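Enquirer: Let me give you the structure first, and then I'll get to my questions.
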Amino acid sequence: MPRLSIHFSRAWICWAALGCTVVLSGVSASEPVPCDQAAVYREAWIKVFERSCLTCHRRGGDAEESGFCLADVSHLPAASREAALGANAELIRTLANNDSSDSRPLFLAKATGGDNHGGGAILAPDSAAYRVLESLVGMLRTPSGNSLHTTALANGLREDLDDAFLQGVVMISDQGLLRRATLSLAGRLPTEHERTRVEAKGLEGVREVLDGVMQEDAFYARLREAFNDIFLTLGIDGNADATVLSYEHFEKTRLWYQQHDLSQIEDEKERQQAGYKLANDYRAALLDEPMRLIEHIVREDRPFSEILTADYIMVSPYTARGYGVFDELKDQFASVDDPFAYVPVKLKALVGRNRLEDQDSATGFYPHAGLLSTFQYLSRYPTTETNRNRLRARMYYQHFLGVDVLEMADRVSDAAAVTAAYEIPTMQAAECVVCHRTLDPVAGLFQEYWRFDANFAIYGKRKEGWFLDMFPAGFEGEALPDSERWRALQWLGEQTVHDPRFAVAMTEHAYAMLTGRRPLLPPGDIDDPLYAARYRAFRFQRAEMEAIAARFAANGFHFKALLTDLVASELYRADALSPAPLPPERLAELDDLGVVRLLSPEQLERKITAIFGKSWGKLSEQTAILYGGIDSKEVTERASDPSGAMGSLQRSMANDVACRNVALDFSRPPSQRRLFPTIEPDVLPGASSEADEQVRAAIVFLHQQLLGRDDAIHSEEVDRTFRLFASIVEAAHEQGQIDPRETWACRQGLEREVDDPHYTVRGWRGVVTYLLRRQEFLYE
Amino acid sequence: MSSVPAMRRNFLKRCAAAGLGLSAPIGLRPWATSAAADTEDLPGYDGPYYVVLNASGGWDTTALMDPKGIGGINRLYEQGDICTHGNHTFAPTAKHMTAGLSNEDFFHEFGNELLVFNGLDYSVNNHAPCSRYMATGKLDSLAYPTFAALVAACKAPTCPLAFLTFGNYSATGNLVAMSRVPYLPSLKRVANADAIDGNDAAPYHDPFALRAIEETLAEHQRFQAAQPLLPRRARAESMLYAAQVNSKALARITPHIPKDSPKQRLAQQAEIALASFKAGVCVSANLSIGQFDSHANNDADQMKLIPEFLEGIATLLHRAEELQIREKLVVIAQSEMGRTPDYNSGNGKDHWSIGSIMFLGPGITGNRVIGKTDERQFAKPFDPQTLSTTETEGIRVRPEHVHDALRRLAGIANHPHSETFALGIPPAEQLLGLWG
């Protein structure tokens, strides 16, 4: 293979010149591709064909029948991609040699709106993208370009992303990973036993520990919270007993709590309070049902595809009453008084007050389709008469296939004129069709849910039948069979889980759960000097994500295994850089790498609880919003960077948590302390070398507990904290008279009195305050 | 250990080196030298202040600043009912509304200061891309910052609430942190973090201890800046440190927080923004009210919401007057789309990609209407040199043209951040005379 290795080197040099790299692996030794030609093809694919052409020129796209139909590789299973890449390259090479009716290269004419291009002008003649396309056409029209083997050309899209991309990136230690993952997934620190296990078995040990962590209730609380960040079903407007359960179909049962017998409570005020609590718990339980479905699927190790295919919903004793199914289920509940203990149930088909509002069903049951058919999802994303279920279709694409349909929309030269020029713009105007051909068929699958006031009804068909001025119901070019109409959402769910994008989208959700952010999108600005670096970063992450998604699908959509796979991945373990000055291109490549997530208000409270044994308790409601939290309604995106207001809350938290816990910790027997098990307040810095070593050992322990750092006792980090402690104690003594007791507010609730004649308790409080304000504590 | 001014200088240097743009803001005073004096002497930003008001959902411009009395475009009035004030023409709403501020009163009071642009082309007509486009001036990128975020990042990124937002599209381009302050009382909660229950007489730490903590954090920050950190980590370290250090200036807000919180949606947001401006801790605010998406019963909805929106603008300006910062307030009132020139079967109006925008504030000559729509509510071609419309040839004025002009108004067109997020308007298309 000597010739092949020479070829690798050439390719590397060539791509490096362009700010990217490629390895033409798999290229036959008899089919060398000049690196500049591969580079031109690759650049054109990335900057023109993938970005612009593929929107319409693909199966199911508006230009499917144009004779230029590319394969969207992202839709294909890995096994089919090789052939698809080759087919795309062959098609592009062939058409690059064709001319338009006015004797211009066909590609260039079409791209600029000539030769009756159905999509109009896509590229401006003076744009960078046009120049890229022009280069490709020029290259493919030369004898050497035209004779290129298409497989070899397609191989130009390969990239050497595995080894080189992570060069110089340092992964977190196994113990660090263990702490990061247990805090993230279960809001607690690792146990000694778990640490020992990881010490012995390394990364495999982390995997084993996580199996146990993902059995804990705290993990399921985090799971629900993370998926609500995505689906936002807790953000339903109004009282859930009215907006989730409609008057039309649950008239007699949805307000059961108003008749519930509380006569055993004699005191009228208490009875009234109990009534309020009953209603509030019922409403909260209703809102929580979709997330409980996700919990059930994961807890029971069911395929995560059930998020779309489960033929049941989860109900609690309270919500079962609302649906009118309590009597048939009551024996399944461990306690009929627990509003939040859920069991699965398959509802019967809906029966309206009016026979016309009865639900069609071939089986007599409600056609459950996982989350998609829940009243909560349908009412969180309602429709209107003119929206025609398009919001629901858009959210479906975003939630379950990771596609932002609106991003398909490009600038229109005159959108108002287009709207006015066509009788049905969404079916006739290319600018509109590009989205609506994808969106409207899925909107049509929601057609049985055609009511606009959730309080009155969610289910209900349109009297006149579904709209004829929309693309008919279906999915990605597949029409909904008439026989499946009554269970259209189930049909959609079944189609979706076989689409490779589903596994990727779920992997992206898991990634968001672990990192707090969405995966990278392809960079937008092809004129950006760092475009190549940014694209490479995107491709690296995308390739990792797709590989993990493929294992997830092959593994029967086992969500816990997916999380473990992500935790073990380099995406999650990347932690630092080895010391070396890096050029801007390399920094741009690494820009998104590493977890580095500002903890949400909920996560921060859990971390405080894990370390100190009790929460701070102030990051709730309005303060949670102030600290970057969400309300699932108006505020739906968590803050990723701290504002000044958040910085103020961090200072407040650090001051207050240190105040509540330092003297308290010293008031406990050493064996029960969380912060200072090895030192007493009478150990003074500078008193002796032994005392200093004791102080340093205490600091090492605090760094481990609060920051997850494993610092050496004479490290620079420990030196700095030591100096802080010593300087506070020293400065206190320089004041002359000092109060021999801690501040009043900080010595409340102690288990025994703790004096502070040397100011060391307050000195340690200063140290804890300092550590609580550090990035390692406030970020994940 | 370093002195506080030295900490500050070094920090700013590191921010600049990290490309965070946390460079010394314009017009800031030097830092205090003692922890006790910190809250009094932390730097303050003293204007201009920028407020972007969003009528979220898509307003009906024919019910406001671009009236159409023909062709059944608006059923509330006839051509002869259209009102004028100075150079402004507007729809009559006093008879159709039940609360808020009528167009008549609004234009009467503010018309002489008001610049209206009609015939703005949003290019698409979906909420999400339109909101993004109107907020950033860039349709095809998710990376661009909103104008409010950009101007905050350019002028005073170290202000603790440099960019306030109450909704709508609020991307920051990673240039500055976004602040959400949901209610007025929230401001009180963050005003004095170093004292127990915010009580100055009961500090958590003695001054010497607090100073030692702050200095150690600064030393740690310097140490970290010299480490080979992943870019995300380096950015997080810098932004966190900036957030905590600069948050001390929030103490200055306390005297400006009104005792009672107003009931109106925009007025609540305006009070928070104005108190923050007055305290010198905020550069820009993104105010928003929703429900303008009147696909059903357009007239009833718009006649409820437009007067509410205008009342909000008026309250903002009146309160700014009381706080003596009115002359420093730049106001931009916009929506992400317009509404169709005809009614649908539910008496609603759907999305329309042509609309209007209004401006008011220092540097903006009022009593002017620029741009036009025709009798069917299509944008007329526009000559950017003469600022007049033509019958056949001209450009379509889009959000990037407006943002380009806004950047020049704010004096940030050549700031490195603006260059990073370039709008690429050819010189011949720049609206150089827009502000008068």
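Enquirer: Averaged across B:190-196, how many Cβ atoms of other chains sit within 10 Å of each residue's Cβ atom?
Expert: Partner Cβ neighbours, averaged per residue: 6.
Enquirer: Let me ask something else about it. Between A:HIS714 and A:THR363, what is the label-to-label distance in nm when each label sits 7 Å out along the Cα-to-Cβ direction?
Expert: 7.2 nm
Enquirer: While we're on this one: How many Cβ atoms of partner chains, on average, are near each residue of A:760-772 if near means within 10 Å of its Cβ?
Expert: Averaged over the peptide's residues, the number is 3.
Enquirer: If you take every residue apart from B:SER56 with its C-beta less than 14 Å away from the C-beta of B:SER56, what net charge results, scoring Lys and Arg +1 and Asp and Glu -1?
Expert: My count for the surroundings of B:SER56 gives -2.
Enquirer: Let me ask something else about it. What order do you get for A:647-659, A:589-601, A:335-347 when each peptide is scored by the mean count of other beta carbon atoms within 10 Å, highest first?
Expert: Top to bottom by mean Cβ count within 10 Å: A:647-659, A:589-601, A:335-347.
Enquirer: Using r as the Cβ-Cβ distance of A:ALA284 and B:ALA428, and R0 as 51 Å, what FRET efficiency do you calculate, to the nearest 0.05?
Expert: Efficiency for this residue pair is about 0.30.
Enquirer: Averaging sequence separations of C-alpha pairs under 8 Å and six or more residues apart, then dividing by the length of chain A, give the relative contact order as a whole percent.
Expert: Relative contact order here is 11 percent.
Enquirer: Could you compute the FRET efficiency for B:ASN414 and A:SER263, with r as their C-beta to C-beta distance and R0 at 60 Å, rounded to 0.05?
Expert: Efficiency for this residue pair is about 0.20.
Enquirer: With a ≥ b ≥ c taken as the square roots of the eigenvalues of the C-alpha gyration tensor of the protein assembly as shown, please select rounded if a/c is under 1.5 and otherwise prolate if a/b is larger than b/c or oblate if it is not?
Expert: Because its axes are fairly even, with a/c under 1.5, the protein assembly as shown counts as rounded.
Enquirer: How would region A:383-498 be classified by its alpha-carbon gyration tensor: rounded, prolate or oblate, with rounded meaning a/c under 1.5 and the a/b versus b/c comparison settling the rest?
Expert: The shape class here is prolate.
Enquirer: Another question, then. Which net charge results when you count Lys and Arg as +1 and Asp and Glu as -1 among the other residues whose beta-carbon is under 13 Å from that of A:PHE333?
Expert: -3
Enquirer: Only four residue types carry charge here, +1 at the Cβ of Lys and Arg and -1 at the Cβ of Asp and Glu. Report the dipole size of the protein assembly as shown about the Cα centre in Debye, rounded to the nearest 20.
Expert: 980 debye
Enquirer: Ranked highest first by average number of other Cβ atoms within 10 Å, how do A:495-503, A:475-483 line up?
Expert: Most protected by this proxy first, the peptides run A:495-503, A:475-483.
Enquirer: Find which of A:SER379, B:PRO427, B:ILE332 sits farthest along the positive direction of the dipole of the protein assembly as shown, computed with +1 on the beta-carbon of Lys and Arg, -1 on that of Asp and Glu, about the Cα centre.
Expert: Comparing the listed Cα positions along the dipole, B:PRO427 ranks first.
Enquirer: Now a separate question. Tell me, what is the percent relative contact order of chain B, built from C-alpha pairs under 8 Å that lie six or more residues apart?
Expert: Relative contact order here is 27 percent.
Enquirer: Could you tell me the relative contact order of region A:571-668? Use alpha-carbon pairs under 8 Å, at least six residues apart, and round to a whole percent.
Expert: 20 percent
Enquirer: Over the alpha carbons of chain B, what is the largest minus smallest coordinate on each principal axis, giving the biggest first in Å?
Expert: Sorted largest first, the three principal extents are 75, 47, 36 Å.
Enquirer: If each of A:ILE424 and A:LYS330 carries a label point 7 Å out from its Cα toward its Cβ, how far apart are those two points in nm?
Expert: 5.3 nm
Enquirer: Another question, if that's okay. Work out, step by step, the length gained on full extension between A:GLN704 and A:ASN98: first 0.36 nm times the residue separation, then minus their alpha carbon distance; give nm to one decimal.
Expert: 211.4 nm
Enquirer: For the pairs A:LYS252/B:LYS263; B:LYS259/B:LYS304; A:LYS269/A:LYS348; A:LYS269/A:LYS618; A:LYS607/A:LYS633; A:LYS252/A:LYS463, note any where the Cα-Cα span goes beyond 31 Å.
Expert: Correct reply: A:LYS252/B:LYS263; A:LYS269/A:LYS348.
Enquirer: Another question, if that's okay. What's the magnitude of the charge dipole for region A:601-778 around its Cα centre, counting Lys and Arg as +1 and Asp and Glu as -1 at the beta-carbon? Answer in Debye, nearest 20.
Expert: I would put it at about 480 debye.
Enquirer: Taking each residue in B:241-251, count the Cβ atoms of any other chain within 10 Å of its Cβ, then average. What number comes out?
Expert: Mean shielding count: 6.
Enquirer: For A:LEU750 and B:ASN199, what is the calculated FRET efficiency with R₀ set at 25 Å and r taken between the beta-carbons, to the nearest 0.05?
Expert: After rounding, the FRET efficiency stands at 0.70.
Enquirer: How would you order A:132-138, B:58-64 from highest to lowest mean count of nearby Cβ atoms within 10 Å?
Expert: B:58-64, A:132-138
Enquirer: May I ask for the net charge around A:ASP72, where only other residues with Cβ less than 13 Å from the Cβ of A:ASP72 are counted and Lys, Arg are +1 while Asp, Glu are -1?
Expert: Surrounding charge for A:ASP72 is +1.
Enquirer: Say a paramagnetic label sat at a point 7 Å from the Cα of A:GLU65, along Cα to Cβ; which residues of region A:428-455 have their backbone N under 19 Å from it?
Expert: Backbone N within reach: A:428-441.
Enquirer: For A:VAL343 and A:THR636, calculate 0.36 nm times their separation in residues minus their Cα-Cα distance, and state this gained length in nm to one decimal.
Expert: 102.6 nm
Enquirer: Something else now. For labels at A:HIS193 and B:GLU104 in the simple 7 Å Cα→Cβ model, what's the distance in nm?
Expert: 8.0 nm
Enquirer: Note down the magnitude of the dipole of region A:590-637 about its Cα centre, charges +1 on Lys and Arg C-beta and -1 on Asp and Glu C-beta and zero elsewhere, to the nearest 20 debye.
Expert: Taking the Cα centre of region A:590-637 as origin, the dipole is about 360 debye.
Enquirer: Right, something else. With a ≥ b ≥ c the root eigenvalues of the C-alpha gyration tensor of region A:214-380, is it rounded (a/c under 1.5), prolate (a/b larger than b/c) or oblate?
Expert: Oblate, because a/c is 1.5 or more while a/b does not exceed b/c.
Bear in mind these aren't lab numbers, they're just calculated from the coordinates by the rules spelled out. This is a predicted model, so every value here is computed, not measured. Note that each Cβ is placed from the backbone with ideal geometry, even for glycine, and that neighbours are counted across all protein chains shown.
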